[in-house]
Every structure is written in C-alpha cells, then in structure tokens.
There are 2 protein chains.
Amino acid sequence: MNAHTLLAARFAEWQQAEFDSNLCPVRDVLDQIGDKWTVLILLSLVGQPRRFSAIQRAVPDVSKRMLTQTLRNLERNGMIVREVYPTKPPSVEYTLAPLAEDLLEPLAGLLRWAEANHARIHAARRQFDTAAAA
Amino acid sequence: MNAHTLLAARFAEWQQAEFDSNLCPVRDVLDQIGDKWTVLILLSLVGQPRRFSAIQRAVPDVSKRMLTQTLRNLERNGMIVREVYPTKPPSVEYTLAPLAEDLLEPLAGLLRWAEANHARIHAARRQFDTAAAA
DNA sequence: CGGAATCCCATCCGATACTG
DNA sequence: CAGTATCGGATGGGATTCCG
C-alpha cells in the first residue's frame, strides 16, 4: 500500500463519524512539532542530554522564556525527561524520552524531503511572486 | 546511517556558519505544514482534484477566509495547481503538484507515528497534569 | 461560485526585569 | 543556573459582509 492510497483512506475515515479536527491525530502531532522551537530543541538533544543553558547555546535564537515553555510542553507530552540535580547553583538536565526517539525516524524523513526540495519551493515562490507583480 | 546519527550530524552542520533559523530548511518546511489547515487540505486532494467548495466540505471546520489563504500559500510554494474554468458561475479546481506528491511519503510516516503514539502522548499528559495539580 | 475586505479577538513570542 | 512575572507588539485565524 503506497502513501497516496493510505493517506486518502485515512483521511476518508477521519471525515466520517463526527470528524473533530481538534481530536484528529494529524493535528495533535502537527500542533506540537509545528511551533517555532520544538523540533530544533529536540534535535539539540539527539545523542546527548543537555542542560538548560547548553540547549540555549545550541539553539542560538531562542529566548529563555520560550525555551522554558517549550521544554515544559515537551515534558508534559512525554517527549523529554527533566532531571534536577540539587547542586548550588542548581543544574537541570534534559534527555530525550523513548517517545521522542521513536519520532526521530519519521521526522528525519520529513527533514530529508525539506532539504532535498527547498530549492524547488523557493523557485516556485519567486515565479509566483514575479507573476503576481504583473 | 540511522535517523539519530543523521539528525545529530545535520543539526551540528546547521549550527555552524552563522546559523539562521529562519533560513534553515527545517523551519522552512515546518512553518508551512505546521499551520492549522495546510495538511488537512493537502490530504483532501490526494487522488482527486477538488473544487473550492468541495474542499470546504471535505475539511468541515475551515472558513472561506482561511481556505483561500491556505490555498494561495500552497500554490505559491508550488504544492498545488489552481485552474480556473471560465464558466458562469466560475469554477476553480485545485490539484496536487508533483512537489506535494513527493511530500506525501514522508508525511505518511509522520502520520503513522501520530496515530500509533497519540495514546501514549495523552497518557503522559494526564500523568503530568495530575502530578502538577499536587 | 469563488473569492476579497474588514473587523476583532486570541495566542504567540520577544524583551526586560526579578528570584531562589 | 534555571527559571518566573509582566508587558506589549506581531501574527493567526474566525465571523461577517460585499463582489464579479
């Protein structure tokens, strides 16, 4: 069963029986990974746990506020584990949970597609924009 | 090369040489598919072109405003083709472009993961929330 | 039918300041 | 060090109205 057939079939199923797009797994996962920092933070934790400030250095643009918020949300969803070491000053280490490890595989597929095709996308954009200018 | 190694390596590369997260392909694609309607609309077009109002029926909650906006954006990115038939009243048909067809494969992987694991996510959330209540 | 225009609210997110 | 609290601008997105 190829991807087309599968997706078309699943979509048809979701539509049936009072389709609630907020409950749909598609949106459930896309809402999570679609935000500004989640994926970059997850990637920074691949293969190595990191402390709060180490993540902030690895993902240069993220503010403390958004880093805290995104980490909390990831922890809530069972994607990362937060461990506090009661040293002085305190240090906190974040580790990918098995759930997130499982996510890496399909995520890698998506990112491969992104790298392979973002040139095509930008070309399409330029063409569309110059056509629209007329 | 497994997904972990690949992702860690790519992430390390992106970090080097004035990493601009807005330019990074990761964000480029996630910004696109992470919004509220894009993926659902793409799925509604798998295997069959549809007209504007047919898409709206297929994706029940979308407003005309957001449908128009999302379709424009998809067209701009070369993901769909818009064809106008000058009938009266006019009819407009939308078709998946090859770029979007290519995207279906990695997207299907992600959605499979979502369906397989959203129960685990909800369980983690319940546990986190009850723990936080104390 | 397939939009475009306008209004408006909700939230996202960054900047800044403060804290145990 | 690893946060929390607060503010305010930008953006997302729904509802409604109008149009060729």
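Yes/no matrix, rows are residues, columns are (1) among the β-branched types (Val, Ile, Thr); (2) touching a residue at least 24 places away in the same chain (Cβ under 8 Å):
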site: B:82; (1), (2): no, no
site: B:95; (1), (2): yes, yes
site: B:109; (1), (2): no, no
site: B:121; (1), (2): yes, no
site: B:126; (1), (2): no, no
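Looking at (1) open to solvent by 70 Å² or more (accessible area, probe 1.4 Å); (2) under 20 Å from residue A:108 (Cα atoms); (3) within 11 Å of DNA strand D (Cβ to nearest atom), which one does residue B:32 not meet, given that it meets all the others?
It fails just one condition, (1).
Can you pull out the residues in the range B:82-122 that are over 30 Å from residue A:79 (Cβ atoms), under 16 Å from the mean Cα position of the chain (by Cα) and hydrophobic (A, V, I, L, M, F, W, C)?
B:96, B:97 - these are the residues of the range B:82-122 that are over 30 Å from residue A:79 (Cβ atoms), under 16 Å from the mean Cα position of the chain (by Cα) and hydrophobic (A, V, I, L, M, F, W, C).
Does residue B:39 qualify as being in contact with a Leu (Cβ under 8 Å, 6 or more places away or on another chain) and either within 14 Å of DNA strand D (Cβ to nearest atom) or at pLDDT below 95 (or both)?
The answer is yes for residue B:39.
Output the residues belonging to the range A:52-62 that are over 13 Å from residue A:38 (Cβ atoms) and more than 8 Å from DNA strand D (Cβ to nearest atom).
A:57, A:58, A:60, A:61
Residue B:71: surrounded by 19 or more Cβ atoms within 10 Å (Cβ to Cβ) and at pLDDT 90 or above, yes or no?
The answer is yes for residue B:71.
The values are calculated or read from the model by the stated rules, or taken from the named source; none is laboratory data. Because the structure is predicted, anything quoted here is derived from the model rather than measured. Glycine also receives a Cβ, built like all others from the backbone with ideal geometry; neighbour counts cover every protein chain displayed. Each accessible area value is taken on the protein alone, full model and side chains, heavy atoms only, with ligands, DNA and RNA left out. Shrake-Rupley method; radii C 1.70, N 1.55, O 1.52, S 1.80 Å.
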